[in-house]
Protein chains: 2
Amino acid sequence: MTEEARRSPERAKRLPRAVREKQILDAAVQVFSRHGYHSASMDEVSEVAGVSKPMIYSYLGAKEDLFIHCIRREANRLLAAVEAGIKPDLAPDMQLWHGLRSFYAFVAEYRESWTVLHRQAMSVGGPFADEVNAMRERAIELVAALVVSAGARRGLAEQAESSGEGMAAALVGAAESLADWWLDHSDVPDGVLASWLMNLVWLGFNDLVEGAVWKPAE
Amino acid sequence: MTEEARRSPERAKRLPRAVREKQILDAAVQVFSRHGYHSASMDEVSEVAGVSKPMIYSYLGAKEDLFIHCIRREANRLLAAVEAGIKPDLAPDMQLWHGLRSFYAFVAEYRESWTVLHRQAMSVGGPFADEVNAMRERAIELVAALVVSAGARRGLAEQAESSGEGMAAALVGAAESLADWWLDHSDVPDGVLASWLMNLVWLGFNDLVEGAVWKPAE
DNA sequence: CCGTTAGGTTACTTGCGAGTAGGCACCCCG
DNA sequence: CGGGGTGCCTACTCGCAAGTAACCTAACGG
C-alpha cells in the first residue's frame, strides 16, 4: 500500500537497454566476486540486478559471455585508473610510486572488481584466464618499460632487458599479492602499502637494514 | 585376450587401503589442478585414480573432504621442502636464497601441487582459503622473522617489525606470482628465477640500475 | 486508435554431477 | 571348507542451476 508499487507486485520499470546492461554487469561483478564463477548462479545475478533471468540472456548472452564482459570491463577500468595516475615525464621511481598509489586506490574503491579479476578469473582456466593474463601482460609491459628505460639511461640496456620482464612480473605479482593480503588486513591505510613496496623494490633489504628509507621527492 | 584381464573386463586389483588412498589423492590433485574445485567431477577423479566412485567416498569422504585432504598434503609437502632447504646458521641473504631455490625446485617438480594450492584453493572461499592462508602465514612468518632479525642485528628492530609483515607478504607474493608467471614461460631455468628475486628484493632497482648484482657468497 | 517492437515476465525442460544402496569377489582364519 | 570381513563395482536417485518457450504490456509512430 504505499503510493508506488501499485500495479502488479513488483514489475521492473521500463528502462533503456544500456542502463539495464550496466545494472546487470554491476550485479554480476558483485555476485561473481562473492562466490566465484561456478558457484555463482544466474538466478542470484538476476535477483541482485532486480531483473529477471531471460533479460540477462537476451542482453549479455550465456553465463560465460556474462563473465567475460565483467572481466573486460573491470580490467579496462583498472588499467585506465593506473595509467591515468602515471605522469610519464617524472623520474622512474616517481612514476612507479604514482602507479602503485593509483592501483591501491582502485582496489580500495572497487574491491569487488579486484576480487573478480584476481581471485576468481584466474582459477577458471581457458578463455577467462587468458583475458586476465592479457591485462597483466599490459601491466608488466608498463613496468618492464620503466625498468629497461631506467637501466638504459645508465648504459645497462642489455642486462636490464634480459631480466626486465621477469622482474616486472615479480613486481606486479608482489603488488597484486599485497593487494590480496590487504583484503584480509584492511586496517592498514592504502598509502602505506605503496610505500612498503617502494622500499622493498627500490631500495631492497640490503639498504633497508642499513636504515635507508625511500620517500617520494617532496 | 592377453593373459591378464582374464576375468571381468577390468576390475581393479585388490590393494591395501593406504595405497588406494594415495592413488586417489594423487588423482585428485591432478584433476583439481586442471579444472579447479567446482568443475572437477568426482567421476573424473575416480577414473584417473583407476577406481570407482564409491571408493573415494568410503575412504576420503565427500568432495569437500577430499579437497581439504589434497590441500593439506600438498601444503605440508611444500613447506617441508622449503624448510629443508634453509640452513639456519647462514647469513640472512643466503637463507633467503636457499629458501627460494627450494621453493622453485618444488614448483618445478610438483607443478600440479602448486597449481592446486595457489590457483585453485584461493578462489573457493570458506574453509579452503583458510587452509591455504594458514600455510602462507607460516611462510610469511618465516620470511618476516628473517627480515626482523636482519634489522635487529643493526638496531632497527622497531621499524623492521612495523612493516616487516607487510614486506614479507609482498615478498612471498612476489615469489608466488613469479612461480605463476613461470608456468607460462617455462623456458627460463629455475635457478634464474631465484636470482632475479634476490636481485630485486635484496638490492632493489636503485642499486640495480647502478650496475650492482647480487650473487651467492662463493 | 491501432500495429509493432522493445522491455519484461512466469514457468518450464533438461542435463550434469554429487552422493548412495545394495551386491559381488577375493582372501584370510578357523 | 565355510564364514565373514574387506576391497570393489554397477546402477541408481535426486536436486540444482543453465538455458528457453511462450506470453504479457507499455509506449510510440503513423
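The values are calculated or read from the model by the stated rules, or taken from the named source; none is laboratory data. Owing to the predicted nature of the structure, the values given are computational and were not obtained by experimental measurement. Quick reminder, even Gly has a Cβ in these numbers, built from the backbone with ideal geometry, and neighbours come from all protein chains shown.
Using the structure shown, decide if A:Phe128 is more than 13 Å from chain B (Cβ to nearest Cβ) and not aliphatic (A, V, I, L, M).
On the way: more than 13 Å from chain B (Cβ to nearest Cβ): no; not aliphatic (A, V, I, L, M): yes.
So A:Phe128 does not fit the description; no.
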Tabulated pairs, segment B:27-52, first on the phi > 0 side of the Ramachandran plot and without any contact (Cβ under 8 Å) to a residue 12 or more places away in the chain, second small (Gly, Ala, Ser) and within 11 Å of DNA strand C (Cβ to nearest atom), C-beta under 7 angstrom, 6+ apart or interchain: none
Count - residues of segment B:99-120 that are within 14 Å of B:Ala139 (Cβ to Cβ) and over 10 Å from the mean Cα position of the chain (by Cα): 3
What is the number of the single condition among (1) surrounded by 18 or more Cβ atoms within 10 Å (Cβ to Cβ); (2) part of a helix (DSSP H, G or I); (3) outside the structural domain of A:Asp190 (by TED's automatic domain parsing) that A:Glu47 does not meet? (1)
When (1) within 15 Å of DNA strand D (Cβ to nearest atom); (2) of a type in the set (Lys, Arg); (3) crowded, with 17+ Cβ neighbours inside 10 Å are applied to B:Arg73, the one that fails is (1)
Subset tally (residues that are at the interface with chain B (Cβ under 8 Å from one of its Cβ atoms) and either out of contact with any helix residue (DSSP H, G or I) (no Cβ under 9 Å at 6 or more places or on another chain) or more than 14 Å from B:Glu137 (Cα to Cα) (or both)) for segment A:176-185: 1
Scan (1) within 11 Å of DNA strand C (Cβ to nearest atom); (2) more than 18 Å from B:Phe128 (Cα to Cα); (3) without any contact (Cβ under 8 Å) to a residue 12 or more places away in the chain for the single condition B:Lys22 breaks and write down its number. (1)
Tell me the residue from A:Tyr59, A:Tyr104, A:Tyr37 that is within 16 Å of DNA strand C (Cβ to nearest atom), in a helix (DSSP H, G or I) and within 14 Å of chain B (Cβ to nearest Cβ), please. A:Tyr37
Please state which of the following conditions A:Ile71 fails to meet, knowing it meets all the rest: (1) within 16 Å of DNA strand C (Cβ to nearest atom); (2) at pLDDT 95 or above; (3) within 14 Å of chain B (Cβ to nearest Cβ). (1)
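Just to check your reading of the model, which residue among A:Ser58, A:Ser41, A:Ser46, A:Ser52 is at pLDDT 95 or above and under 19 Å from B:Ser39 (Cβ atoms)?
A:Ser41
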Out of all the residues in segment A:89-97, is one or more surrounded by fewer than 18 Cβ atoms within 10 Å (Cβ to Cβ), within 18 Å of the chain's Cα centre (by Cα) and touching a residue at least 40 places away in the same chain (Cβ under 8 Å)? no
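May I ask you to verify whether B:Phe103 is on the phi < 0 side of the Ramachandran plot and in contact with a Phe, Trp or Tyr (Cβ under 9 Å, 6 or more places away or on another chain)?
Values: on the phi < 0 side of the Ramachandran plot: yes; in contact with a Phe, Trp or Tyr (Cβ under 9 Å, 6 or more places away or on another chain): no.
No: the conditions fail for B:Phe103.
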